[in-house]
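Peer 1: Okay, handing you the structure first.
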Amino acid sequence: MKLDKLVGERFKERPSDCTVDSHALMVRGGYMKYVANGIFSSYMPLKRITRKIEQILREEMDAIDGQEVQFPVVMPAQLWQESGRYESIGKELVRFKDRSEGPLVLGMTHEEAAVQLVREYAQSYNKYPFMIYQIQTKFRDEARPKSGLMRVREFTMKDAYSFHTSQQDLEEYYDKCHKAYERIFARVGIPEVVSVASDSGMMGGNISHEFMLLTDIGEDSIAICTDCDYRANVEAAENIVEYVRDEESQELKMVHTPDQKTIEEVCAFLNSDEKKSCKAVVYQRNIDDKYIVLFLRGDLEVNETKLTNFLGFEIHPALITEECGLTAGFIGPYNLKGDYIVLFDQSLKGMNNVVCGANTTDYHYTGLDMERDLGEVEYYDFAKIQEGGICPKCGKKTIKVSRGIEVGNIFQLGTKYTKAMNMTYVDSESNIQNPIMGCYGIGVGRLAAAICEVHHDDYGPIWPKAIAPYEVHLCAVRADNPEIKEFADKLYEELRAKGVEVIYDDRNVSAGIMFSDADLLGVPCRVIVSPRNIKQGIVEIVARDKSFSVSAPMENALEEIIKKL
Ligand code: ATP
Ligand code: MG
């Protein structure tokens, strides 16, 4: 490929709307173009990268007996009604109608399509196990697309679905897939990706793992034990609390706390420790705005994933109105009257001498004793694990919270979809059973962006060889010089004849422009033919990652380049 024919523009200035480096560099390097919020087109360099990633995904899925299939992007709503997700999924699922008013959806994930594809075929136990996979477009109407390819609305995903006749078989296959994922991330140049226990969210099922690339720009928070191998997404991590109870319980007293609304203000005002306070966080149920009042220890934060999993319905932060009966800023568990769903976090269990709201404007209680004053209430785990918190596995205070990008996710789904969609098989004893499923996703564009995040410098991406858009970037500096042009043209043809992927820059531009464009394309190996080099009878072969820089005699240029690759 000649660089002067490459469609797309490269430029120097960082676009002001790019919050992450991968986005800025991919826009500056002519990889992608904005079409609409969360929707982009790719130019050839990016397309070549994603094609290589997809090929690696394909090889690794084939290696664990996957069969590539194609699902529709547009599906009838009825298929999603069968699984129950037509109703349960929010606005991320795009719902629309065709010309005859038939309700349709855009595929945001394809469990339903997978079951639909195989349920007539796989009616006997001897057809199992099997895995089908796709590498296709998904559309999710994300609320806040951001960070370039990291969070978009339209994206390519490799998504795989396996079907089994026993939990044990699923687990064995799940491990196989876990290992395939480790190979995939190593092959695309980010072997440092770790797997963490995750929350299964809208997918259902119990066990799931996310594959995380740890970097500060990641949207996810991951709890990692520095002493054992515990790693979990903060969304899924259990928050272990120490049982603390003072020897003597004070009496319950109402105290005047004018204008002290937040727990920080109240505790500062009363000179008491936030760890000895109880705060209220209020939500409302999406369908009918019913209030949910959650009490937890003042220094902790709510883990909304655990809360919604417990409740089993969608919620939003509450709008506390005059009529609802709640006294914003002064809500407490003692003498709280009204028709609310009231929940208690386990951090409060057994506590005494607690500061809490008195459900009266400008008043709090001191000396609340959870056992004495509230009697029998149930406590559950609704709080976020914190830095320095207790490891749920080894019990030491060794939790570190790091940021990460979720590049892949695998799930043991169980029979959620096969039951709901009535997929059955006859087992060896003639019993009718529902097959057990697993599913396994990797976002292709997010993966490319994540790789760029950890492989770049100020001048551009430094693509790992396995996914780089080209293998060699050939620069003919001063190609208006016939000697240069002739030699570089010949080298270009020879490299191509050897099957090397070359991008060839013979434009009549300065070396500076040539090299900054080469930096933006991030090709691993740069070959420089220039008047100075030719005078010395050499070409320069330079690594984009600076790992080598050598001069090769012109007559051996081809061999030396191939050796370096
Ligand atoms: P997130 O929590 O980041 O929204 P998710 O957990 O909803 O993602 P999955 O359903 O697990 O996503 O999808 C599998 C993979 O697809 C993810 O691990 C990620 O690599 C990719 N992916 C998901 N949503 C997006 C998106 N909006 N933009 C780009 N890639 C995505
Ligand atoms: Mg996920």
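The values are calculated or read from the model by the stated rules, or taken from the named source; none is laboratory data. All values reported here derive from a predicted model rather than from experimental measurement. Positions of Cβ are backbone-derived with ideal geometry, glycine not excepted, and every protein chain shown enters the neighbour counts. In case anyone asks, the SASA skips ligands and DNA or RNA and just uses the protein heavy atoms, side chains included. Shrake-Rupley method; radii C 1.70, N 1.55, O 1.52, S 1.80 Å.
Peer 1: In the stretch 166-216, what residues are polar (S, T, N, Q), open to solvent by 50 Å² or more (accessible area, probe 1.4 Å) and either under 24 Å from Lys400 (Cβ atoms) or modelled with pLDDT of 95 or more (or both)? Working first, answer last.
Peer 2: Within the stretch 166-216, the first condition is being polar (S, T, N, Q), and the residues that meet it are 166-168, 195, 198, 200, 206, 208, 215.
The next check asks that each one be open to solvent by 50 Å² or more (accessible area, probe 1.4 Å); those that pass are 167-168, 206.
Within the stretch 166-216, Gln167, Gln168 meet the criteria.
Peer 1: Check Tyr380, Tyr425 and return the single one that is closer than 24 Å to Gln67 by Cα and in contact (Cβ under 8 Å) with a residue 24 or more places away in the chain. Full working, then the answer.
Peer 2: Values: Tyr380 fails: closer than 24 Å to Gln67 by Cα.
Answer to the selection: Tyr425.
Peer 1: Sticking with this one: Basic (Lys, Arg), open to solvent by 40 Å² or more (accessible area, probe 1.4 Å) and modelled with pLDDT under 95: is that true of Lys91 in this structure?
Peer 2: yes
Peer 1: Here is a follow-up. Condition first: surrounded by fewer than 17 Cβ atoms within 10 Å (Cβ to Cβ) and under 17 Å from Thr418 (Cα atoms). Now tell me which residues in the stretch 67-81 satisfy that.
Peer 2: Gln78, Gln81
Peer 1: Same structure again: Scan Val74, Val94, Val118, Val69 and give me the residue that is away from ligand 1 (no atom under 15 Å from the Cβ), under 22 Å from Val152 (Cα atoms) and either assigned by TED's automatic domain parsing to the domain that holds Ile503 or β-branched (Val, Ile, Thr) (or both). Even if it seems obvious, please write down each step before you answer.
Peer 2: Values: Val94 fails: away from ligand 1 (no atom under 15 Å from the Cβ); Val118 fails: under 22 Å from Val152 (Cα atoms); Val69 fails: under 22 Å from Val152 (Cα atoms).
Answer to the selection: Val74.
Peer 1: Under 9 Å between Cβ atoms, at least 6 apart or on separate chains: pull out the pairs that start in the stretch 191-216 with a residue that is in the same structural domain as Gly438 (by TED's automatic domain parsing) and away from ligand 2 (no atom under 14 Å from the Cβ) and end on any residue that is polar (S, T, N, Q) and modelled with pLDDT of 90 or more.
Peer 2: Going by the 9 Å Cβ cut-off, the qualifying pairs are Asn206/Gln412; Leu214/Ser402; Thr215/Ser402; Asp216/Ser402.
Listed here are the residues, each with its yes/no results for (1) within 26 Å of the chain's Cα centre (by Cα); (2) farther than 30 Å from Ser16 by Cα; (3) more than 16 Å from ligand 2 (Cβ to nearest atom).
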site: Asp98; (1), (2), (3): no, yes, yes
site: Gly102; (1), (2), (3): no, yes, yes
site: Thr109; (1), (2), (3): yes, yes, no
site: Glu120; (1), (2), (3): no, yes, yes
site: Pro129; (1), (2), (3): no, yes, yes
site: Gln134; (1), (2), (3): yes, yes, yes
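Peer 1: Could you look through the stretch 391-412, keep only residues that are in contact (Cβ under 8 Å) with a residue 12 or more places away in the chain and farther than 17 Å from Val196 by Cα, and pick out the one that is least open to solvent (accessible area, probe 1.4 Å)?
Peer 2: To start, the set of residues in the stretch 391-412 that are in contact (Cβ under 8 Å) with a residue 12 or more places away in the chain comprises 391-396, 398-412.
Narrowing the set further to residues that are farther than 17 Å from Val196 by Cα leaves 395-396.
On the way: Gly395: 49, Lys396: 97 Å².
So, considering only residues that are in contact (Cβ under 8 Å) with a residue 12 or more places away in the chain and farther than 17 Å from Val196 by Cα, the one least open to solvent (accessible area, probe 1.4 Å) is Gly395.
Peer 1: Is it the case, given these coordinates, that Leu46 is in a loop (DSSP other than H, G, I, E, B) and assigned by TED's automatic domain parsing to the domain that holds Tyr181? Break it down into steps so the answer makes sense when it comes.
Peer 2: Values: in a loop (DSSP other than H, G, I, E, B): no; assigned by TED's automatic domain parsing to the domain that holds Tyr181: yes.
No: the conditions fail for Leu46.
Peer 1: Taking the stretch 31-45 on its own, how many of its residues are aliphatic (A, V, I, L, M) and farther than 19 Å from Phe139 by Cβ?
Peer 2: So in the stretch 31-45, the residues aliphatic (A, V, I, L, M) come out as 32, 35-36, 39, 44.
Those left that are additionally farther than 19 Å from Phe139 by Cβ: 44.
So the answer is 1.
Peer 1: A further question on this structure: Filtering the stretch 217-233 down to residues that are of a type in the set (D, E, K, R) and within 16 Å of ligand 2 (Cβ to nearest atom), which residue is farthest from Val407 (Cα to Cα)? Explain how you work it out, then say what you get.
Peer 2: Initially, the stretch 217-233 is screened for residues of a type in the set (D, E, K, R), giving 219-220, 227, 229, 231.
Right, trim to within 16 Å of ligand 2 (Cβ to nearest atom) and you get 219-220, 231.
Numbers: Glu219: 11, Asp220: 11, Arg231: 16 Å.
Result: Arg231.
Peer 1: So how many residues does the stretch 48-66 have that are hydrophobic (A, V, I, L, M, F, W, C) and surrounded by fewer than 13 Cβ atoms within 10 Å (Cβ to Cβ)?
Peer 2: Residues of the stretch 48-66 hydrophobic (A, V, I, L, M, F, W, C): 49, 53, 56-57, 61, 63-64.
Of the ones still in play, those that are also surrounded by fewer than 13 Cβ atoms within 10 Å (Cβ to Cβ) are 63.
Qualifying residue count, the stretch 48-66: 1.
Peer 1: If you take the residues of the stretch 415-424 that are touching a strand residue (DSSP E or B) at 6+ places or on another chain (Cβ under 9 Å) and open to solvent by 20 Å² or more (accessible area, probe 1.4 Å), which of them is nearest to ligand 2 (Cβ to nearest atom)? Talk me through it step by step, then tell me what you get.
Peer 2: Residues of the stretch 415-424 touching a strand residue (DSSP E or B) at 6+ places or on another chain (Cβ under 9 Å): 415-418, 423-424.
Now narrow it down to the ones that are open to solvent by 20 Å² or more (accessible area, probe 1.4 Å): 415-416, 424.
Details: Thr415: 20, Lys416: 16, Thr424: 28 Å.
Among those residues, the one meeting the criterion is Lys416.
Peer 1: Suppose we filter Ile432, Ile462, Ile436 for residues that are modelled with pLDDT of 95 or more and touching a Lys or Arg at 6+ places or on another chain (Cβ under 6 Å); which single one remains? Please lay out each step first, then the result.
Peer 2: On the way: Ile432 fails: touching a Lys or Arg at 6+ places or on another chain (Cβ under 6 Å); Ile436 fails: touching a Lys or Arg at 6+ places or on another chain (Cβ under 6 Å).
The unique qualifying residue is Ile462.
Peer 1: Can you give me the number of residues within the stretch 259-278 that are crowded, with 16+ Cβ neighbours inside 10 Å and either free of Cβ contacts under 8 Å to residues at least 24 places away in the same chain or outside the structural domain of Thr366 (by TED's automatic domain parsing) (or both)?
Peer 2: Total meeting the criteria: 1.
Peer 1: Under 8 Å between Cβ atoms, at least 6 apart or on separate chains: pull out the pairs that start in the stretch 299-310 with a residue that is farther than 15 Å from Glu274 by Cα and end on any residue that is among the charged types (D, E, K, R) and surrounded by fewer than 16 Cβ atoms within 10 Å (Cβ to Cβ).
Peer 2: Qualifying pairs under 8 Å: Thr308/Glu314.
Peer 1: Just for the stretch 400-424: of the residues that are assigned to a helix (DSSP H, G or I) and not charged (D, E, K, R), which one is nearest to ligand 1 (Cβ to nearest atom)?
Peer 2: Filtering first and then ranking leaves Tyr417.
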